[in-house]
Amino acid sequence: MSTTTIPPHRTRRPLLSAAVASLAMALAITSCASSDGDDAAATSTTESGTTDPGVECPTEVDAQEFATAEELRGLLAEFNDFGLRSPASDQHEASIDWLAGELGDVPGMEIEFDEYTIDRWQPTPEAAGDTPGRDLAAAGALTVDDGTSPEDIAVAGAVPFSLPTPDDGVAGELAFLAADRITAADAAGKVVVTEIPHSSLPYAAFRAIGHVITDDLPTEGDYDRPYLRNMDAILTDAGIAGAAGVVMVWDAPTDQLEGYWDPHTGTRFRVPAVFVGNDDVDRLRDLAAAGATAQLSVFAAWDEAPTRNLIATLPGQTRERIVVNANTDSVSWVQENGTVAAIALARYLGDLPIECRTRDVQFALTTNHLGFTTDGTFRYGPQLDEDYDDGTVAFVMATEHLGTREILPTTPGGRLEYTGEVEPFAWSAPEESPVLLQATLDAVERRGLERTAVVKGVGVPEADQVPSVCSQGGLGTNFHGLLIPTIAGISGPWSLWAPGFGEDAIDFEHMRDQTLAFGDIAVELDDVDRTDIAGDYIEAREQRAAGAVTCALEPPPAEAPGR
């Protein structure tokens, strides 16, 4: 462990909303085009990593020996059989045991756990039928009364991390307010109905931050996805205003968004809230105008509970390691299927002779991403940062939301439909490592990945900061921001937090191709010297030690302000 004393360094937080805003600003001040990647020449070698001339080792994944699309589907089906795997729930912990068993079946795999305690929010209703665990869709209820007779309004569920209510809920006058008008004067003591504002960025932004963008990614129009929307602000403002409750209205039908798990900051909000679809928005607006009252219920509970990071290490010839990261808590076939990619990669790499594994490969399946304020990467990342100084880390690959199909509102009523395209995929390959960048470009081309943007990161580079871009859009941020060489891939479809789309949300051949691409990089760079892989990360770490501006990897607040 390093004991070097470093001077204090200034920090900047890699917030997603700030990254989106900076992209928009960049588009306003500059004209950007896609790079052809020629300036990212590889310094890696494709020679075999074995020291035994009698063993022939691959320089990329042999697709004939890799899991089929149907095998990936089968694994993901087993994973989803656990139902809602909200952080530290019984079903989540059971699914971690299943993941440990699948990885532990790989010959030589070493399994460890890092257990810690979190503040746990979970719905209290049990899932219906044969589905195990809890039911987020059943955890919310809304009844309105215009003075004639009470009327139940269909809800998509409780808003995660909103304030649990007594069994009979909370009541107040309905107030239909714009999201930026939720103040004490208009909202105190009332059940606020508000439409969730859109947030988007132009597709041209991908080219503003891109190394290489595949030709099939749109060049015009806006990239508008629900994960970009700032729902935390609505809940925080309502809590400060003293609202009795909040009804958050989507621009899509209720039935398609049942059990929607977002926001996922893990922040304890001071107000109960439910989701409804656009089916009843006009009715709610009219009822609010008529002075109707509402009763809102959130059937959920806060407590403390243990959870675990799962660390599975496949030994190589040295203790220097490649890290594969994904999160274990999950709500859909999309969030998080990177765990299944990890199993497939582990099986393939485990079948190679150890002479073909110069390095260990560590599968770090971290916990509580759905309650991000105590995400497992906030524990594992600093450990890895110290280990990097000790020379036992080569690079990290973070895999999230693989194989997703594009879903968009294509009808006047906003009903969500598959477009026939795969969802755009952002693959962060920072400028700091030309070797990782070139390996990424090669893998994307080799596997023919569609609608893929190989980007510098999610944000505009800042010359006086190390690294120049903090965010990688997901889990990779918590490694790259610590100046550990990292690549990360992520998508953000409508199905990300909406479990009702099921397995149809995944194109398993596309998922397989993306997993093969990550595997190619692990195989290709297995025997490349870690200093070559690190590139400018080494100088950046030195600058951080000297007090340079760097990324503030601070978790979201544990509690929101409120009355």
**OP:** Please tell me if residue 546 is at pLDDT below 95 and under 18 Å from residue 386 (Cα atoms).
**Re:** no
Original post:
Can you pull out the residues in the stretch 464-521 that are hydrophobic (A, V, I, L, M, F, W, C), assigned to a loop (DSSP other than H, G, I, E, B) and closer than 30 Å to residue 417 by Cβ?
Top reply: 475, 497, 498
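How many of the residues making up the stretch 352-369 are touching a helix residue (DSSP H, G or I) at 6+ places or on another chain (Cβ under 7 Å) and either closer than 22 Å to residue 64 by Cα or surrounded by fewer than 24 Cβ atoms within 10 Å (Cβ to Cβ) (or both)? Step through it out loud before you land on a result.
Just the residues of the stretch 352-369 that are touching a helix residue (DSSP H, G or I) at 6+ places or on another chain (Cβ under 7 Å), to begin with: 357, 361, 363-366, 368.
Those still in the list that are either closer than 22 Å to residue 64 by Cα or surrounded by fewer than 24 Cβ atoms within 10 Å (Cβ to Cβ) (or both) too: 357, 361.
Total meeting the criteria: 2.
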**OP:** Write out, first by first residue and then by second, each pair whose Cβ atoms fall under 8 Å of each other, whose residues are 6+ apart or on separate chains, and whose first residue, in the stretch 512-536, is free of Cβ contacts under 8 Å to residues at least 60 places away in the same chain while the second is surrounded by fewer than 23 Cβ atoms within 10 Å (Cβ to Cβ) and in a helix (DSSP H, G or I).
**Re:** 531/538
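For the stretch 288-330, which strands (runs of 3 or more DSSP E) that fit wholly inside it have 3 or more residues that are surrounded by fewer than 22 Cβ atoms within 10 Å (Cβ to Cβ)?
Numbers: elements: 293-298, 300-314, 318-327.
Because the criterion is at least 3 residues that are surrounded by fewer than 22 Cβ atoms within 10 Å (Cβ to Cβ), the strands (runs of 3 or more DSSP E) in the stretch 288-330 that meet it are 300-314, 318-327.
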**OP:** Count, please, the residues in the stretch 441-467 that happen to be modelled with pLDDT of 95 or more, of a type in the set (Asp, Glu) and more than 13 Å from residue 212 (Cβ to Cβ).
**Re:** 1
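Can you name the residue in the stretch 536-550 that is out of contact with any Leu (no Cβ under 8 Å at 6 or more places or on another chain) and not in a helix (DSSP H, G or I) and is also surrounded by the most Cβ atoms within 10 Å (Cβ to Cβ) among such residues?
We begin by selecting, within the stretch 536-550, every residue out of contact with any Leu (no Cβ under 8 Å at 6 or more places or on another chain); these are 536, 538-539, 542-543, 545-549.
From the residues that got through so far, the ones that are not in a helix (DSSP H, G or I) too are 536, 546-549.
On the way: 536: 18, 546: 11, 547: 12, 548: 16, 549: 15.
Across the stretch 536-550, the extreme among qualifying residues is 536.
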**OP:** Would you mind listing the strands (runs of 3 or more DSSP E) fully within the stretch 370-440 where at least 2 residues are surrounded by fewer than 17 Cβ atoms within 10 Å (Cβ to Cβ) and either at pLDDT 95 or above or not assigned by TED's automatic domain parsing to the domain that holds residue 514 (or both)?
**Re:** 416-422
Original post:
When residues of the stretch 164-192 are filtered for being under 16 Å from residue 292 (Cα atoms) and either among the acidic types (Asp, Glu) or without any contact (Cβ under 8 Å) to a residue 12 or more places away in the chain (or both), how many remain?
Top reply: 2
**OP:** Within the stretch 72-97, track down each residue that is closer than 23 Å to residue 516 by Cα and out of contact with any Lys or Arg (no Cβ under 9 Å at 6 or more places or on another chain).
**Re:** 73, 74, 75, 76, 77, 78, 80
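Report, by residue number, each residue of the stretch 66-95 that is part of a helix (DSSP H, G or I), of a type in the set (A, V, I, L, M, F, W, C) and in contact (Cβ under 8 Å) with a residue 60 or more places away in the chain.
Restricting attention to the stretch 66-95, the residues satisfying the condition of being part of a helix (DSSP H, G or I) are 69-80, 90-95.
Now drop any that are not of a type in the set (A, V, I, L, M, F, W, C), which leaves 69, 72, 75-77, 79, 94.
Across the stretch 66-95, the qualifying residues are 69, 72, 75, 76, 77, 79.
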Original post:
Out of the stretch 222-243, which residues are closer than 26 Å to residue 462 by Cα and either free of Cβ contacts under 8 Å to residues at least 24 places away in the same chain or of a type in the set (Gly, Ala, Ser) (or both)?
Top reply: 222
Original post:
Restricting to the stretch 198-230, what's the tally of residues that are more than 24 Å from residue 437 (Cα to Cα) and either outside any strand (DSSP E or B) or charged (D, E, K, R) (or both)?
Top reply: 12
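Out of the residues in the stretch 445-463 that are among the hydrophobic types (A, V, I, L, M, F, W, C) and either in contact with an Asp or Glu (Cβ under 7 Å, 6 or more places away or on another chain) or in a loop (DSSP other than H, G, I, E, B) (or both), state the one that is surrounded by the most Cβ atoms within 10 Å (Cβ to Cβ). Give the derivation first.
Keep residues of the stretch 445-463 that are among the hydrophobic types (A, V, I, L, M, F, W, C), which gives 449, 453-455, 458, 460, 463.
If we keep only those that are either in contact with an Asp or Glu (Cβ under 7 Å, 6 or more places away or on another chain) or in a loop (DSSP other than H, G, I, E, B) (or both) as well, we get 449, 458, 460, 463.
Details: 449: 20, 458: 26, 460: 21, 463: 5.
Per the stated criteria, the residue is 458.
The values are calculated or read from the model by the stated rules, or taken from the named source; none is laboratory data. No experiment lies behind these values; they were computed from the predicted model shown. Cβ sites come from the backbone with ideal geometry, for glycine too, and all protein chains shown count toward neighbours.
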